[in-house]
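**Q** I'd like to ask you about the structure that follows.
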Amino acid sequence: CVRVDTLVNNAGSLVERRPFLELTDDLWRRVIDINVTSVIWVSQPIARHMIERRSGSIINLGSIAGHNGGGPGAMPYATSKAAVTCMTKGMAKELIPHGIRVNAVNPGVILTPFHERFTNDENMKKMVSMIPQGRAGTADEVAGVIAFLASKDASHIVGESIEVNGGMLMD
């Protein structure tokens, strides 16, 4: 058996932008399966092995969309990422007695292929204009937060969601 100290649940997709009134059962299920259901089925077997060692860290990737409802045609995605944030807290409560820390990272507008695929230039400019820091984030900035949460420096952080969005959302 391979030892896993940290699991990062980073699967995620909007699949496609579609207005609420045009949403289909198939699209809804695809988005929920990719963004929510996968967290359960990937985390369970890894958590069982972490429980045996009484240590580990699970980091789930949410999104700012889980707080603000997402952009046009992204309601299923936003809903799924809100679920990930909620799941993180529930998982953390159940797993911390076994020495497993569960936390989430909620990126804002990050320069990745996600936005290249799903966000046109006009909407990207609008979103960036709403970021107090004045720019989109980078994948490296998100990865740095993930690395911190996986480290011993974050040993007392449990059930939290770290927002990485340049000030776009300040809770």
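**Q** List pairs: first residue in region 122-135 and within 9 Å of G166 (Cβ to Cβ), second residue open to solvent by 40 Å² or more (accessible area, probe 1.4 Å) and part of a loop (DSSP other than H, G, I, E, B) anywhere in the structure, Cβ distance under 6 angstrom, at least six positions apart or on different chains.
**A** I131/M168
**Q** Would you say R29 is under 25 Å from D140 (Cβ atoms) and charged (D, E, K, R)?
**A** No: the conditions fail for R29.
**Q** With respect to N35, is the statement that it is open to solvent by 20 Å² or more (accessible area, probe 1.4 Å) and under 28 Å from T119 (Cα atoms) true?
**A** Criteria not met by N35.
**Q** Scan (1) touching a strand residue (DSSP E or B) at 6+ places or on another chain (Cβ under 6 Å); (2) surrounded by fewer than 22 Cβ atoms within 10 Å (Cβ to Cβ); (3) not hydroxyl-bearing (S, T, Y) for the single condition G99 breaks and write down its number.
**A** (1)
**Q** Which residues, taken from region 112-135, are of a type in the set (A, V, I, L, M), at pLDDT 90 or above and open to solvent by 30 Å² or more (accessible area, probe 1.4 Å)?
**A** Passing the criteria: V128, M130.
**Q** Go through T85, T138 for me and flag whichever is modelled with pLDDT of 95 or more, over 21 Å from V4 (Cβ atoms), surrounded by fewer than 18 Cβ atoms within 10 Å (Cβ to Cβ) and in contact with a Leu (Cβ under 7 Å, 6 or more places away or on another chain).
**A** None of the other options fit; the residue is T138.
**Q** Moving on to the next point. If M75 satisfies every condition in (1) hydrophobic (A, V, I, L, M, F, W, C); (2) over 25 Å from V15 (Cα atoms); (3) touching a Phe, Trp or Tyr at 6+ places or on another chain (Cβ under 7 Å) but one, which is the exception?
**A** (2)
**Q** Being open to solvent by 10 Å² or more (accessible area, probe 1.4 Å) and hydrophobic (A, V, I, L, M, F, W, C) is the filter here, so list the residues in region 48-60 that pass it.
**A** Listed by number, the list holds a single entry, I51.
**Q** To continue, here is another question. Looking only at residues in region 141-170 that are part of a loop (DSSP other than H, G, I, E, B) and without any contact (Cβ under 8 Å) to a residue 24 or more places away in the chain, which one is most open to solvent (accessible area, probe 1.4 Å)?
**A** Residue satisfying both the conditions and the ranking: H156.
**Q** Going by the conditions given, is T112 within 18 Å of A139 (Cα to Cα) and polar (S, T, N, Q)? Full working, then the answer.
**A** Details: within 18 Å of A139 (Cα to Cα): yes; polar (S, T, N, Q): yes.
Spelling it out, T112 is indeed within 18 Å of A139 (Cα to Cα) and polar (S, T, N, Q).
**Q** Something else about it: Take the residues in region 67-80 that are crowded, with 18+ Cβ neighbours inside 10 Å and touching a helix residue (DSSP H, G or I) at 6+ places or on another chain (Cβ under 7 Å); name whichever of them is farthest from G166 (Cα to Cα).
**A** P76
**Q** Further, regarding this structure: Filter region 2-28 for residues that are charged (D, E, K, R) and within 29 Å of I100 (Cβ to Cβ); which is most open to solvent (accessible area, probe 1.4 Å)? Working first, answer last.
**A** If we filter region 2-28 for residues that are charged (D, E, K, R), which is where we start, we get 3, 5, 16-18, 22, 25-26.
Now narrow it down to the ones that are within 29 Å of I100 (Cβ to Cβ): 3, 5.
Details: R3: 146, D5: 75 Å².
Filtering region 2-28 for residues that are charged (D, E, K, R) and within 29 Å of I100 (Cβ to Cβ), the one most open to solvent (accessible area, probe 1.4 Å) comes out as R3.
**Q** Quick check, is I64 β-branched (V, I, T) and exposed (fewer than 13 other Cβ atoms within 10 Å of the Cβ)?
**A** no
The values are calculated or read from the model by the stated rules, or taken from the named source; none is laboratory data. Model, not experiment: these values are computed from the prediction. Quick reminder, even Gly has a Cβ in these numbers, built from the backbone with ideal geometry, and neighbours come from all protein chains shown. These accessible areas exclude ligands, DNA and RNA; they are computed on the full protein's heavy atoms, side chains included. Shrake-Rupley method; radii C 1.70, N 1.55, O 1.52, S 1.80 Å.
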